[in-house]
Amino acid sequence: MTKNITGKKQQDILKRGVVKLIKEDEIEKNILSGRPLRIKHGIDPTGNQLHLGYAVIYRKLKALQDLGHTIVFLVGDFTARFGDPTGRMESRGMRNAAEVRKLADSYVEQISRILDPEKLEVHFNSEWYDTMKLEELFSILANFTTAQILERDMFQERIKKGKEVALHELLYPILQGYDSVMLKSDLTVIGSDQIFNELAGRHLQKIYNQEPQGIIALEVLPGTDGKKKMSQSLGNTIGLSEAAQEQFGKIMSIPDDVISTYFTLLTDRPQEEIDGASAAMKTKKINPRDEKELLAHTIVEWIWGQEEAEKSKDEFIRVNKEKKIPTRTPEKIGPEDQGKTFDLPHFLSVSGATATTSAARRLISQRAVYIDGELATDNPYPQVDITKEHIVKYGKKAYKIKPRSSQK
């Protein structure tokens, strides 16, 4: 049985951040019916790290999970091999199954920062597509026409510009729709850019004698540039698993005109307060910097806890107001590692000085990294004593990296 739902909670689930409800009356009735719903959300693995754009959806799913509904998390490890064409003016390259599965393995751990993993039903769509016979696939495709699929805005835009539309791209919304049939989805929660694909799911569910799923489509979060949607391929993301200090700094960098959007989509701050603050910023009664600082603290506290939020705020002030070198702590080095040495690429990665080990290797190969005043080389990589403090510089960036044990 689902838990009781208050008028305010119901309003937030159905209205806050929502741009479209398909079958609104049915959705509201089903959420309140006391029957646990199967609520689908799918994601194709396209990078190592989930970001706050996904978190907009996961927050909504968490509210529904807390009411007793079943969240069915679908990892599109099959469909990710050729990729969702949504919003793209160029075809994606094909990827192999092993590469995609490796990316997918970390996703459940990352969403566990928001959703209760013990109450999560996880599926991979390779479960049905890897064994599907061509005859069955053709029977699914026969329920759609080429004209229906080519209605999509980005396909029309490509055709106007003389760009190619690959055949496999036309199949993507049909396959995503069939996922809803296989999962017997009652409701799906998506970004508004996925409506077309999930309408294909409703169409197929009718054909397979299932009750068509309701659709809650949410506003798409702008990236740190404030213009385009947050996307790994655009490099404008704030990662869910990024260090708290990194998240805080990136949030402080967003344009002023998307502060209110971030508050609405990523926090529980009352909407009337958000609207009031937005109006006050426009009349310069409130400094947007103060609002961003509150936003950054609120989001980091939600993901990492109050202590990390306070430390991140203090570090941001220390670096940006007092103009001191940023401090990093190797997050992935624990007490059991004391006494060991790390090669420099791994040290830079675990300390957050670089996003990944491969990024560190690339910088070192470009002769761009200095550690404690010495130019780092890659033949061999320097070995770093993690019990000592080090100063790392590359480009215009500089970090003071302290031993984990010395952090208070």
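Points worth noting:
- Only lysines eight or more places from Lys396 in sequence, or on another chain, were considered; those with a Cα closer than 16 Å are Lys323, Lys324.
- Cβ-placed point charges (K, R +1; D, E -1), dipole of the chain about Cα centre in debye, nearest 20: 980 debye
- Among Pro45, Pro117, Pro382, residue whose mean-square fluctuation peaks in a GNM of the chain (springs only between Cα atoms under 10 Å): Pro382
- For the chain, share of DSSP beta bridges that run antiparallel, in % to the nearest 5: 50 percent
- Rounded to the nearest 0.05, the FRET efficiency derived from the C-beta distance between Lys184 and Lys324 at R0 = 45 Å is 0.20.
- By definition, a body whose alpha carbon gyration tensor gives a ≥ b ≥ c is oblate when a/c is 1.5 or more and a/b is not larger than b/c, and segment 244-324 fits this oblate description.
- Once the Cα gyration tensor of the chain is diagonalised, semi-axes √(5λ) in Å: 40, 27, 21
- Computed E for Asn287/Thr70 - FRET, C-beta separation, R0 41 angstrom, nearest 0.05: 0.40
- Ranked list, fewest to most other Cβ atoms within 10 Å of each Cβ, for Ser112, Ser260, Ser192: Ser112, Ser192, Ser260
- When Phe138, Phe73 are sorted by how many other C-beta atoms sit within 10 angstrom of their C-beta, beginning with the fewest, the order is Phe138, Phe73.
- Kirkwood Rh and Cα Rg combined as Rg/Rh, segment 153-205: 1.06
- Most fluctuating residue given options Lys163, Lys396, Lys133, as computed from a GNM of the chain linking Cα atoms under 10 Å: Lys396
- Straight-distance crosslink candidates among aspartates and glutamates, where the alpha carbon sits under 20 Å from Lys285 and sequence neighbours closer than 8 are dropped: Asp256, Asp257, Glu272, Glu273, Asp275, Glu293
- 0 to 90° range, to nearest 10: angle between helix 271-282 axis and the chain longest Cα axis: 60 degrees
- Per-residue Cβ neighbour counts within 10 Å put Arg202, Arg289 in the sequence Arg289, Arg202, beginning with the fewest.
- Members of Lys60/Lys227; Lys228/Lys282; Lys40/Lys229; Lys161/Lys229; Lys20/Lys228; Lys62/Lys284 lying beyond 26 Å, as alpha-carbon distances in this model show: Lys62/Lys284
- Label point at Gln210 placed 7 Å out along Cα→Cβ; residues across segment 34-56 whose backbone nitrogen lies under 16 Å: 37-43
- Nearest-20 debye value, segment 7-223 charge dipole, Cβ charges on Lys, Arg, Asp, Glu: 460 debye
Values in this text are rule-based calculations from the coordinates and carry no lab data. Because the structure is predicted, anything quoted here is derived from the model rather than measured. Neighbour counts are summed over all protein chains in view; Cβ atoms, including those assigned to glycine, are modelled from backbone coordinates with ideal geometry.
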